[in-house]
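Participant: My questions all concern the structure below.
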Amino acid sequence: MPGAIVIGAGPGIGTAVAQRFAREGLAVALLARSRATVDAALASVAAIRSDTIGVTADVTDEHALRAALDQVVDRLGVPEVLVYNAALIQSDELGQLTASEQLDAWAVNVVGAITAAAHLGQAMAQAGHGTILLTGGMPEPVPDVTSLSLGKAGIRALAQLLARAYEPSGVHVATVTVGGTVAPGSAFDPDEIAEQYWRLHTQPPGAWEREVLYSGPLTPPAALPR
């Protein structure tokens, strides 16, 4: 049974993406730092697929994240889809955070994605198929959210590096760059955004997009240059 792992399965994009893939018949594993977050997501996704599983791990704890991913692979096998949606969203102007606080933010926003992709990417490549999807944002840096702006720039660069590593073996790598604040019923409704994750996953080789800029439902998502 093909499966999808969603890291950062909180309310909003994470849960919406998990629901979207579950509706297409994929077994889904949800990963978040807190048990409460995992249980809330499970309540939503398990209504679609009763075999949905949830695990907890702090993405900044490399050992714990790798162990959680191994636990999922033991249950579902090598995933067909890996989604990294974790982020530390906070207001911080340039120089406001200490060096340690900036590193903490970078660890969530970028390093966790590196750990997850490095842990599972080679097995996906050996299988010869699959999709790695990263939640991007901040198409332009925003001074009031410096650490997140830097983190999303890192995610964009990481997607390029992962694509060079894994796309020759048949694994599609892409980011969905969300250009606004996500909220149900808004121009950045998580269910609408989740459609882009599914669309990217189902693209055939030769038509793969590397980055999609989502700027709202009234404007078709733009495929940015590779």
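The values are calculated or read from the model by the stated rules, or taken from the named source; none is laboratory data. What you are looking at is a predicted structure, and each value in this text was computed from that prediction instead of being measured. As a convention, Cβ positions derive from the backbone with ideal geometry for all residues, glycine included, and neighbour counts pool all protein chains shown. Heads up: the accessible areas ignore ligands, DNA and RNA and are worked out on the full protein's heavy atoms, side chains in. Shrake-Rupley method; radii C 1.70, N 1.55, O 1.52, S 1.80 Å.
Participant: Using the alpha carbons of the chain, what is the convex hull volume per residue in cubic angstrom, as a whole number?
Facilitator: Spelled out: Cα convex hull of the chain, divided by residues, is 116 Å³.
Participant: Calculate, axis by axis, the spread of Cα positions in the range 18-64 along the three principal axes, and write the results as whole Å, longest axis first.
Facilitator: Result, largest extent first: 31, 18, 15 Å.
Participant: Relative to the present Cα-Cα distance, how much length would full extension add between Arg164 and Arg199 at 0.36 nm per residue of separation?
Facilitator: 10.5 nm
Participant: Still on this structure, I have one more. For the range 72-226, give the magnitude of the charge dipole about the Cα centre (Cβ charges: +1 Lys/Arg, -1 Asp/Glu; no others), in debye to the nearest 20.
Facilitator: It works out to roughly 540 debye.
Participant: How much length is gained on full extension from Ser186 to Thr56, taking 0.36 nm per residue of separation minus their Cα-Cα distance?
Facilitator: Between Ser186 and Thr56, full extension yields an extra 43.9 nm.
Participant: Run the quick spin-label model on Ala127 and Ala99: label points 7 Å from Cα toward the beta carbon, then report their separation in nm to one decimal.
Facilitator: Here the modelled spin labels are 4.1 nm apart.
Participant: So for the chain: antiparallel DSSP bridges make up what percent, rounded to the nearest 5?
Facilitator: 5 percent
Participant: Next question. How compact and how long is the range 99-226, expressed as Rg and Dmax of its alpha-carbon atoms in Å?
Facilitator: 14.8, 43
Participant: How many nm separate the modelled label positions at Ala47 and Glu24, each set 7 Å beyond the Cα in the direction of the Cβ?
Facilitator: 2.2 nm
Participant: Say the dipole of the chain comes from +1 at the beta carbon of Lys and Arg and -1 at that of Asp and Glu; which of Leu88, Val38, Ser147 then lies farthest toward its positive end?
Facilitator: Most positive-ward Cα: Val38.
Participant: Follow-up question, since we're still on this one. Just the number, please: carbon plus sulfur as a percent of the accessible area of the chain, 1.4 Å probe, no ligands or DNA/RNA counted.
Facilitator: Carbon plus sulfur share of accessible area: 56 percent.
Participant: Checking the a/c ratio against 1.5 first, then a/b against b/c, what shape does the Cα gyration tensor give for the range 74-158?
Facilitator: The shape class here is prolate.
Participant: Same structure again: Enter the accessible area per residue of the chain (Å², integer; probe 1.4 Å; all protein chains in place).
Facilitator: Value returned for the chain: 44 Å² of accessible area per residue.
Participant: Would you calculate the separation in nanometres between label points at Ala118 and Ala36, each defined as 7 Å from the Cα along the Cα-to-beta-carbon direction?
Facilitator: Here the modelled spin labels are 3.3 nm apart.
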